[in-house]
1. From the set of residues in the stretch 459-499 that are crowded, with 16+ Cβ neighbours inside 10 Å and among the polar types (S, T, N, Q), which is nearest to Gly653 (Cα to Cα)?
2. Could you go through the stretch 177-188 and let me know if any residue there is open to solvent by less than 70 Å² (accessible area, probe 1.4 Å), in contact with a Cys (Cβ under 9 Å, 6 or more places away or on another chain) and not hydroxyl-bearing (Ser, Thr, Tyr).
3. Can you find even one residue in the stretch 474-486 that is at pLDDT 90 or above and either farther than 25 Å from Leu592 by Cα or not polar (S, T, N, Q) (or both)?
4. Take the conditions among the aliphatic types (A, V, I, L, M), within 20 Å of the chain's Cα centre (by Cα) and surrounded by 21 or more Cβ atoms within 10 Å (Cβ to Cβ) and apply them to Leu508. Does it pass?
5. Would you check if Glu398 is more than 21 Å from Gly352 (Cα to Cα) and either open to solvent by 60 Å² or more (accessible area, probe 1.4 Å) or at pLDDT below 95 (or both)?
6. Mind checking whether some residue in the stretch 327-344 is open to solvent by 30 Å² or more (accessible area, probe 1.4 Å) and among the aromatic types (Phe, Trp, Tyr)?
7. Scan the stretch 259-295 for residues that are in contact (Cβ under 8 Å) with a residue 12 or more places away in the chain and among the hydroxyl-bearing types (Ser, Thr, Tyr) and jot them down.
8. Tell me, which strands (runs of 3 or more DSSP E) wholly within the stretch 347-436 include 2 or more residues that are small (Gly, Ala, Ser)?
Amino acid sequence: PTPKNYCVTIAFQENEIKLLTAEIERLKNFGCLGVSPSLEGLRDENAKLKYRLNFLRKSLQEERSKTAKSMININSCLQEIFGAAIQAAYPDLENPPLVVTPSQQPKFGDYQCNSAMGITQILLKTKEQKVSPREIAEKISKNIPANECIEKVEIAGPGFINVHLRKDFVSKQLSSLLTNGVQPPAVGRRKKVVVDFSSPNIAKEMHVGHLRSTIIGESMCRLFEFAGYDVLRLNHLGDWGTQFGMLIAHLQDKFPDYLTVSPPIGDLQAFYKESKRRFDTEEEFKKRAYQCVVLLQSKNPDFIKAWELICDVSRKEFQKIYNCLDITLIERGESFYHEMMKDIVKEFEDKGFVEVDDGRKIVFVPGFPVPLTIMKSDGGYTYDTSDLAALKHRLCEEKADILIYVVDSGQSVHLQTVFAAGQMIGWYDPKVTRVAHAAFGVVLGEDKKKFKTRSGDTVRLIDLLEEGLKRAMDKLKDKERDKVVLTAEELKAAQTSVAFGCIKYADLSHNRLNDYVFSFDKMLDDRGNTAAYLLYAFTRIRAIARLANIDEQMLRKAAREEVLILDHEKEWKLGKCILRFPEILQKILEDLLLHTLCDYLYELATTFTEFYDNCYCVEKDRQSGQIMKVNMWRLLLCEATATIMAKGFDILGIKPVQRM
């Protein structure tokens with residue numbers, strides 16, 4: 001089969017074109033000499049070969065055109081090269097280990113292939129052959145196919161293959177980046193991705209607990225969209241259920257003319273607490289609340305109107321948060337799936353999965369001790385039914401290839417049970433469709449306990465964002481940015497960028513599986529791995545060309561004409577670091593751990609600082625400060641760094657500013 005990666009694909013196709021051309025010439029000679037008794041057969045064969053040749057030439061042209069713009073995943077490229085080398089060296093070996101990683105130290109080259117040790121173990125176990133890893137490494141090295149990225153390989157220690165990249169290859173990829181912008185590597189067929197995130201409850205305010213799902217989910221969507229997937233962003237609102245009975249009953253009492261006059265519900269949280277208190281303490285109110293639920297579920301127009309009014313008040317409050325954090329979602333709450341739940345119960349019943357327990361209809365899923373309750377004894381549906389209906393709709397109606405639930409770790413067992421039930425009933429095959437729970441830990445206060453206000457209440461998300469804005473402005477004023485550096489408009493833009501950028505980055509820079517401590521002091525520190533540091537670094541990098549009087553048009557012209565020289569070790573280190581961006585994104589697409597991108601951006605910023613401290617981009621007269629020389633290839637390295645950082649920020653949902 002033709003390899004996927006362009007490094008080998010192009011060489012493969014070019015070689016086949018040469019062979020086909022030679023074969024066509026041979027057939028021509030046969031026909032001219034009249035040697036073959038079946039001239040018609042030769043013509044047919046000739047036509048087939050010409051068709052294949054034209055197809056290959058067109059395919060090669062398209063491949064070159066595509067790869068000329070796409071950023072190459074160098075690690076994947078090397079994996080395919082070494083995969084081909086291992087296959088040639090050991091053709092009888094099934095699924096040999098393929099381990100290619102960036103080298104940690106320059107003396108070990110740029111990348112390392114560490115497959116030899118694993119192959120040694122396989123040969124010993126399966127064929128009882130005792131071969132040293134070094135001998136295997138040598139055999140692999142001799143079978144490396146022709147390619148345009150490897151300068152040389154060296155075998156070190158017991159059998160590590162150190163890979164040195166070609167400088168002209170790295171230079172060419174950097175030039176392509178500067179000319180074409182940050183283009184995603186090809187991902188094959190455009191798949192449909194459904195992401196379920198944020199999902200607050202109607203009539204309750206969004207609190208700090210919703211922060212992680214909202215930020216992580218948005219960033220995942222941005223990553224998949226950049227990679228070329230068709231992404232559906234779903235907000236699974238808690239907009240249906242028994243709690244609406246008490247809310248509607250309280251609405252009727254407090255605003256009896258709600259059908260004709262829009263009720264002025266200012267504080268929905270207080271309204272919810274009032275109705276809950278009455279539900280818990282007033283027996284008559286409780287009975288009426290249950291009646292309201294029945295009337296709502298039977299689609300009584302007056303009760304639907306009350307429900308819509310309550311939902312609209314909540315939506316407006318949620319949207320304030322989403323506007324601040326630049327979040328885009330399509331609302332599809334529990335009510336959307338309500339009509340489907342009857343069919344879900346029937347489907348499980350028809351397939352013999354339902355058991356009746358004390359009037360409840362339950363489903364046991366192999367491997368999970370707690371059953372799903374798909375119908376209560378009173379005939380009502382549950383969260384289990386709603387989640388099963390949502391799963392089926394996303395798989396069977398939306399035709400999702402990848403389905404991601406960004407929900408806290410506490411829901412892990414429940415979601416895994418729902419996913420397993422969907423698999424059991426035949427809605428999807430995990431070998432074909434990826435259904436994943438992107439779980440996350442809780443937000444802690446600086447006391448390492450759940451993040452709460454001093455009075456012990458849950459922290460409202462809107463209060464948190466407003467506090468962030470205040471602290472960001474204080475930080476900017478401490479540095480006297482408001483006095484001479486920034487205009488009032490620039491100061492406001494910097495405040496928003498720092499405040500919301502720091503809140504997002506503080507979350508995303510931690511492994512989502514772990515809890516993390518929320519600290520404004522740490523996230524606003526402009527030293528270390530924080531958004532404040534990276535945003536300042538970005539504005540400084542962007543300012544280098546501007547202060548040298550080099551505009552965007554001049555940089556574009558230079559990108560087309562200049563060769564990026566990578567002779568200095570810090571230039572070489574920065575160039576390679578820039579080109580690791582597609583590797584980082586590919587890893588996150590696989591494991592959904594966004595902190596890897598944050599770690600990479602921090603590494604890129606610190607690598608740039610090393611480069612800038614050691615390599616003059618602009619040379620000035622020490623006395624007058626006049627610009628004497630502009631080293632354009634180094635300015636292009638600055639531009640390439642800023643371009644990658646800007647795309648990284650965009651995926652994380654962070655908005656940098658030009659002046660800070």
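1. Ser497
2. No, there is no match, as no residue in the stretch 177-188 is open to solvent by less than 70 Å² (accessible area, probe 1.4 Å), in contact with a Cys (Cβ under 9 Å, 6 or more places away or on another chain) and not hydroxyl-bearing (Ser, Thr, Tyr).
3. yes
4. Against the criterion (among the aliphatic types (A, V, I, L, M), within 20 Å of the chain's Cα centre (by Cα) and surrounded by 21 or more Cβ atoms within 10 Å (Cβ to Cβ)), Leu508 qualifies.
5. In short, no.
6. yes
7. Answer for the stretch 259-295, where residues must be in contact (Cβ under 8 Å) with a residue 12 or more places away in the chain and among the hydroxyl-bearing types (Ser, Thr, Tyr): Ser262, Tyr272, Ser275, Tyr290.
8. none
The values are calculated or read from the model by the stated rules, or taken from the named source; none is laboratory data. Please read these numbers as outputs of a predicted model, since none were measured by experiment. No Cβ is skipped: glycine too gets one built from the backbone with ideal geometry, and neighbour counts run over all protein chains shown. Note: accessible area is taken over every heavy atom of the protein model, side chains too, but ligands, DNA and RNA are not part of it. Shrake-Rupley method; radii C 1.70, N 1.55, O 1.52, S 1.80 Å.
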